[in-house]
Amino acid sequence: MTQVTRFIERHGVIVMIAKNVKIEIRTGLEARPIAVFVQKASQFESSIYVEHDSKRVNAKSIMGMMTLGLPAGEEVKVTVDGNDEELAMGEIEKFLQNEE
């Protein structure tokens, strides 16, 4: 799987990270994994968004995440912006790739 990390820079300062991540959770993102995902995302100060097709939702919103209907094997774009963005991206990526 190809993962692309983009560091978006404004005025010489990196202001956010965007990365394509493949969902490796066996059941995909159904109700229980989404609840855990939202809890994990909510632990961080950074803004976290998940994009798939033309939808972009707040990763801290259980209702938003439920609208994506993401099966195992799908690739999503995760965007993280804030003071703890690198830590948040690492934890989100680990969770989606079922490495916990």
* Within segment 49-100, track down each residue that is among the polar types (S, T, N, Q) and surrounded by 15 or more Cβ atoms within 10 Å (Cβ to Cβ). => N58, S61, T79, Q97
* So V80, is it in contact with a Ser or Thr (Cβ under 7 Å, 6 or more places away or on another chain), closer than 18 Å to M16 by Cα and not hydroxyl-bearing (S, T, Y) -> yes
* Scan segment 3-22 and give yes if some residue there is modelled with pLDDT under 95 and of a type in the set (F, W, Y), otherwise no. => yes
* Picking from I34, I48, which residue would you name as being at pLDDT 95 or above and in contact with a Ser or Thr (Cβ under 8 Å, 6 or more places away or on another chain)? -> I48
* Name the strands (runs of 3 or more DSSP E) wholly within segment 16-100 that hold at least 2 residues that are touching a residue at least 40 places away in the same chain (Cβ under 8 Å) and within 12 Å of the chain's Cα centre (by Cα)? -> 75-81
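The values are calculated or read from the model by the stated rules, or taken from the named source; none is laboratory data. Treat the numbers as computed from the prediction; the structure is a model and nothing was measured. Virtual Cβ from ideal backbone geometry, glycine too; neighbours counted across all protein chains shown.
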